[in-house]
1. Being surrounded by 16 or more Cβ atoms within 10 Å (Cβ to Cβ) and small (G, A, S) is the filter; apply it to region 28-69 and report the residue that is nearest to D187 (Cα to Cα).
2. For region 11-51, which positions are of a type in the set (A, V, I, L, M, F, W, C) and not in a strand (DSSP E or B)?
3. Having 1 or more residues that are aliphatic (A, V, I, L, M) and farther than 30 Å from T51 by Cβ is the bar; report the strands (runs of 3 or more DSSP E) wholly within region 124-225 that clear it.
4. Hey, could you check region 70-79 for residues that are of a type outside the set (K, R) and touching a strand residue (DSSP E or B) at 6+ places or on another chain (Cβ under 6 Å) and say which is surrounded by the fewest Cβ atoms within 10 Å (Cβ to Cβ)?
5. With the condition kept exactly as written, say whether any residue in region 6-24 is open to solvent by less than 30 Å² (accessible area, probe 1.4 Å), within 21 Å of I125 (Cβ to Cβ) and out of contact with any strand residue (DSSP E or B) (no Cβ under 7 Å at 6 or more places or on another chain).
6. I need the full set of residues from region 92-146 which are farther than 19 Å from L160 by Cβ and touching a Lys or Arg at 6+ places or on another chain (Cβ under 8 Å), in order please.
7. With T173, T167, T208 as the choices, which residue is in contact with a Cys (Cβ under 9 Å, 6 or more places away or on another chain) and surrounded by fewer than 16 Cβ atoms within 10 Å (Cβ to Cβ)?
8. Would a scan of region 127-134 turn up a residue that is open to solvent by less than 40 Å² (accessible area, probe 1.4 Å), out of contact with any Gly (no Cβ under 8 Å at 6 or more places or on another chain) and over 25 Å from S23 (Cα atoms)?
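The values are calculated or read from the model by the stated rules, or taken from the named source; none is laboratory data. Keep in mind that what you see is a predicted model, and the values were worked out from it rather than measured. A quick note on method: Cβ atoms are made from the backbone with ideal geometry, for glycine too, and the neighbour counts reach across all protein chains shown. The area values use the complete protein model at the heavy-atom level, side chains included, leaving out ligands, DNA and RNA. Shrake-Rupley method; radii C 1.70, N 1.55, O 1.52, S 1.80 Å.
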Amino acid sequence: MVTSTNGYHSGAECFVNSPNNISESGGYLRLTTRAEAAPFTCSDPLGNYSTQYTSGAITTYGKFSQTYGRFEIRAAFPAATAAGLQSSLWLDPNNGAKYGAWPASGEIDVAEFYSQYPDRVIPYIHYLPATPDPNVTNTVCLITPSQFHSYVLQWTTNQLTVSFDGTSCLVDTWNPAAPLVAPQPFDQSFFVALTQALGVGSNVFGSTSTPLPATTQIDYVRAWK
């Protein structure tokens, strides 16, 4: 997943295909955000921009996708306690506009690490609900993000369940806004994406306060029908 082909980036980083950002070491996939020696222009089909930061992301788009089943990712996030880093283990639909522009077509964030919250990892289910849905996210899944944990999504025709190390963290039975009816939009094929990025908003990256380089390590990704 590189910014130059799909325009994707979360914060000020530029996703590139470089061994400095995507590598394997000790049996782990390593996705790294780093500061380059000087600012450069990041090529982006949605509009080029200047940055000094590169990062790594991978996706199974075009190689593997699945509707329903069990997805398990064992990963360790950066050992950071200052704001400015965002790491995500997530699923996105192959046809991102099948039911309309984001978030209408759905997104499943199995685990997101925001370094401003160094004691937890956050799940999030994105879609347009018919009524307010209190179960799409929470911030009470307390763990030590820098240690390896097993992040699991169980996805059925009527329920999305996220667990961390076997402990249930989030359970949602979604009710989409009209004209969609359940199990839409989560009735289509999703691919897996793993990203290490820079933060925005309240978790905004600080050039002098956010520690770099920062690496998310992936032990394995597994899927069952």
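1. S65
2. Across region 11-51, the qualifying residues are A12, V16, L46.
3. Result: 149-155, 160-164, 167-172, 214-224.
4. Among residues in region 70-79 that are of a type outside the set (K, R) and touching a strand residue (DSSP E or B) at 6+ places or on another chain (Cβ under 6 Å), the one surrounded by the fewest Cβ atoms within 10 Å (Cβ to Cβ) is E72.
5. no
6. The answer is L142, I143, P145.
7. Step by step, each of T173, T167, T208 is checked, and only T167 is in contact with a Cys (Cβ under 9 Å, 6 or more places away or on another chain) and surrounded by fewer than 16 Cβ atoms within 10 Å (Cβ to Cβ).
8. yes
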